[in-house]
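Have a look at the structure that comes next, please.
The values are calculated or read from the model by the stated rules, or taken from the named source; none is laboratory data. Predicted, not measured: the structure shown is a model, and the values here were computed from it. Neighbour counts run over all protein chains shown; Cβ positions are idealised from the backbone, glycine included.
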Amino acid sequence: MASTLKKKRKENDICEVCKEKIGTKRITLNNNKFIHGYSYSSVRINKDCAAYLEERPKEFSDFIMGLYETKKSLLNKIVSVFFYDQEKDPEIIDYKINVLTEESTRLKKLRKKIYDYWPDYPPDWEERRDEVISKAKNRCQECKTKDPIPGIHVHHIKFLGRGGSNKISNLLALCESCHEKKHGGRSFKYDQSYIKPLAYPERLKSINKAIKSNKDLTFSYYKVKQKKWMKRKIKPNELTKEIWIDGKTKFALDNLYLVGHCYLRDDKRTFRVDRIKGLKISK
């Protein structure tokens with residue numbers, strides 16, 4: 001009997017991300033599944049599955065947006081008339097985009113499933129928190145107080161420590177007073193760490209203002225390949241987290257992008273918003 005249980009335990013000791021056997025360096029989820037928590041294999045050197053799960057969809061977004069930009073580039077269309085480049089062939093690009101979007105969608109579904117049972121606040125907690133508060137229309141779901149001071153808390157109906165999940169169905173928007181009651185009167189102060197940093201929303205505010213007033217934007221942009229910041233001046237068109245595949249299928253990207261005409265390249269370009277700094281609206 002003991003040997004049967006031991007064998008069954010070994011069979012179940014498989015990482016939910018890479019499907020490889022797992023050792024002692026693991027993250028145990030609240031549904032008794034596991035993922036690698038540290039560097040573990042030659043396949044992903046110095047990257048654990050937890051980091052892979054968080055970062056890979058963002059990388060996919062960059063790859064997809066880069067291909068999409070190449071396909072839509074006016075300069076590329078002109079050059080392709082005179083010189084054939086397989087890498088810039090629209091059909092080849094469409095094929096690559098479709099492959100990447102399918103893999104990205106699969107990975108995002110897996111990530112959500114794993115984060116549902118994360119043993120603590122999951123890496124996407126802020127998104128979940130925002131969704132719960134938005135559905136509650138910024139009201140405490142217990143006493144119905146709207147816009148409570150100092151802010152809305154998000155409570156786990158079944159506590160994580162008792163095997164609860166991070167699913168939206170297990171989360172409740174509460175004011176501070178009601179949250180403390182749920183925890184038997186324990187002091188439960190509003191956690192300032194859940195407030196988004198001011199720099200990011202201010203950046204979005206400036207971008208939207210420039211788009212609305214038809215003004216140019218100047219900023220420094222971090223180029224990953226060159227590992228350096230580069231000055232840019234653009235005429236902004238839109239902020240987007242979506243692209244259309246084959247003109248008919250909408251695909252949600254993992255990052256937010258600024259789209260506009262780049263004066264340096266004299267062409268339409270996209271810029272990942274979290275890689276922008278020193279943003280200014282031109283006078």
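For the range 123-132, state whether one or more residues are in a loop (DSSP other than H, G, I, E, B), over 15 Å from the mean Cα position of the chain (by Cα) and assigned by TED's automatic domain parsing to the domain that holds residue 180.
no
In the range 248-268, how many are modelled with pLDDT under 90 and either in a strand (DSSP E or B) or within 14 Å of residue 101 (Cβ to Cβ) (or both)?
11
Let me ask something else. Answer yes if at least one residue in the range 152-160 is free of Cβ contacts under 8 Å to residues at least 12 places away in the same chain and charged (D, E, K, R), and no otherwise.
no
This table checks each residue for (1) surrounded by 10 or more Cβ atoms within 10 Å (Cβ to Cβ); (2) within 30 Å of residue 109 (Cα to Cα); (3) modelled with pLDDT of 85 or more.
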{"residue": "217", "(1), (2), (3)": "yes, no, yes"}
{"residue": "227", "(1), (2), (3)": "no, no, yes"}
{"residue": "230", "(1), (2), (3)": "yes, no, yes"}
{"residue": "234", "(1), (2), (3)": "yes, no, yes"}
{"residue": "240", "(1), (2), (3)": "yes, yes, yes"}
